[in-house]
Amino acid sequence: MTSHFRSLLASTAIVGLFLSIGASAASRTDLILGMGVEPSGLDPTVAAPVAIGQVVWQNIFEGLVTIDKDGKVQPELAKSWNISDNGLTYTFHLRDDVNFQNGKPFNSASAKFSIEKILGNDSVNPQKNLYKVIDKVSAPDATTLVLSLKEPLSDLLYYLGYPAAIMVEPSSEPTNATHPVGTGPFEIKQWKKGNQVTLVKNPQYWGAPAKLTKVTFRFIGNAQAQAAALNSGGVDAMAEFDAPELVKQFQNNPAFNTVIGTTSMEIVAGMNNSRKPFNNIKVRQALMMAIDRKTLVDAANEGLGTPIGSHFSPSDAGYEDLTGVLPYSPEKAKKLLAEAGYPNGFTFTMKVPTRTYAQRAAEIMQAYFAMIGVTMKIESSEFPAKWVSDVFKDKNYDMTIIGHAEPLDISIYNRSHYYFNYHSPKFDKAMTVIANATDENSRLKGYRHAEEILAHDVPALFLYAYPKIGVWKKGLHGLWTNEPIPSNDLTDVYWQ
């Protein structure tokens, strides 16, 4: 056999192999998607864990509006809407061709029920506070829903796209936590608690039909086990892979796509602004300038993540890179400390939740602070119970570090009694301007101004936006690269 013929055979075999793989992928209509956390239930209107929405939002449940992969509000069960000139009346024009998965129609009565359920005195909706501006809900006819507000809120449409504001079929409400009924492209088939949730295609879906016929969410908490499941074929994808240190093995493996994006989670080191020395803006600014954020991301998270200069993620519309406001400069940090009355530094304690990203970052920050004469003691705090009790509720801390996962959550600095103990009339005014914005450009301009105020005031040390690390098999398309809202929207996912 000539060498040329052997080469030809080898080439033919390789081409055949790739054609076979391609054909196999293209013919698939099922998906096994891994998740690091199992949801506590399947109704996002009654419990807070992000994992609930990551299974059901846009897959089983839909809202009046939705938030797309670019973080923009889009029509969904409401095909259009009008907002009064004073911003106090929202009139939604609903689709008239939608049924819930139990066959009952979606209309203004079920929409009214869903919104009033959020607002009720007995509501346990985790985001109830966002919707309290709604004063009255009315349904003048089957395809019209009217929300009357107490005061303007330009972010209301965005909030109505959250998992917490999905539309519920009234008779299914008592059992939605275990057997959810929505209007989405998939419906629940089975939940094997402790293992997996299986969804199947909704054949009566009102919109473009899903390309997948079956989706299984497998829950794998251990990062090493996630990697093993990917390699063995136990899962087809991890949309949020939990081990940055293991990413390179998949980046170097031609059988997988590794996609690094951004999330809405900001990692910040919150300070108790009511305690000395953190009540001094120069101290807070000095601590910010003592940290090289890029190096911290490299060391703590394998370089995966985006340094931030304010409480805003690159995945949010209106994001502004403000890392240059207080850039890394130990010399300037020391000068600021001296001006604040601490030429020899000071000692404080950081309460660090038992989360890997927080523990890694805290140790690096400790070394940076030592370089400017500041001693940081590290106290481990069990998360969530102990940390929530000590820091979030009792505010008994000097500094802490945590990821804020809620999308567009800069308003937390405007909340009274929030754990930062930060009070700024200037920032409060900026948030009022945002609420009163009458167009998108004004709204985004307002957010950029609010970001700039925080970048200078530094009520928390703004570190980085947590990455969305996606690892999935070649041939799988449609999973989101970025995550403006925590989700696994499978609407447009397919094999090719």
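Just a few scattered comments:
- Placing pseudo-labels 7 Å out from each Cα toward the beta carbon at residue 380 and residue 438 gives an inter-label distance of 5.7 nm.
- The heavy atoms of residue 66 offer some 20 square angstrom of accessible surface to a 1.4 angstrom probe.
- Positive minus negative residues near residue 278 (Lys, Arg vs Asp, Glu; Cβ under 10 Å): +2
- Between residue 27 and residue 84, the modelled label-to-label distance comes to 6.1 nm, taking each label 7 Å out from Cα in the direction of the beta carbon.
- Listed pairs 193/474; 334/377; 69/468 exceeding 22 Å between Cα atoms: 193/474
- Once Rg and the Kirkwood radius are both taken over the C-alpha atoms of segment 426-496, their ratio Rg/Rh works out to 1.17.
- Accessible area per residue was computed with a 1.4 Å probe on protein heavy atoms; residue 122 scores about 130 Å².
- Close amide H contacts of residue 464 (hydrogens built in the peptide plane, cut-off under 5 Å, sequence separation of 5 or more or a different chain): 267, 308.
- Value of Rg to Rh for segment 346-496 (Rh from inverse mean 1/r over Cα pairs, i.e. Kirkwood): 1.04
- Ligands, DNA and RNA aside, residue 232 has an accessible area near 90 Å² when probed at 1.4 Å.
- Computed extension length for residue 248-residue 396: 49.3 nm, one decimal, from 0.36 nm per residue of separation with the Cα-Cα distance subtracted.
- Where N is the number of residues in segment 396-450, Cα Rg divided by 2.2 N^0.38 Å: 1.28
- With θ taken as phi - 60° and the Karplus curve 6.51 cos²θ - 1.76 cosθ + 1.60 applied, the whole-hertz 3J(HN,Hα) list for segment 388-398 is 4, 5, 6, 8, 6, 8, 8, 6, 9, 6, 9 Hz, x standing for glycine and proline.
- Of 382, 187, 245, 62, the residue with the largest accessible area leads and the full order is 382, 245, 187, 62 (1.4 Å probe).
- Convex hull volume per residue for the chain, taking Cα atoms only, in Å³: 167 Å³
- For segment 87-101, 3J(HN,Hα) per residue [Karplus equation, 6.51 cos²θ - 1.76 cosθ + 1.60, θ = phi - 60°, Hz, x = Gly/Pro]: x, 9, 10, 10, 10, 9, 9, 8, 5, 10, 10, 10, 10, 6, 5
- With all protein chains in place and ligands, DNA and RNA left out, the 1.4 Å accessible area ranks 200, 37 as 37, 200, largest first.
- Cα gyration tensor shape for segment 64-151, rounded if a/c is under 1.5, else prolate or oblate: rounded
- Using the Karplus relation 6.51 cos²θ - 1.76 cosθ + 1.60 with θ = phi - 60°, the per-residue 3J(HN,Hα) values for segment 219-225 come to 9, 10, x, 7, 5, 5, 5 Hz, with x marking Gly and Pro.
- Alpha-carbon radius of gyration plus Dmax, which is the widest Cα pair, for segment 250-358 in Å: 16.9, 58
The values are calculated or read from the model by the stated rules, or taken from the named source; none is laboratory data. Note that the structure is predicted; figures quoted are calculated from it, not measured. Using ideal geometry, Cβ is built from the backbone for each residue, glycine included, and neighbour counts are taken over all protein chains shown. Just so you know, the surface numbers come from the protein's heavy atoms only, side chains and all, with ligands and any DNA or RNA stripped out. Shrake-Rupley method; radii C 1.70, N 1.55, O 1.52, S 1.80 Å.
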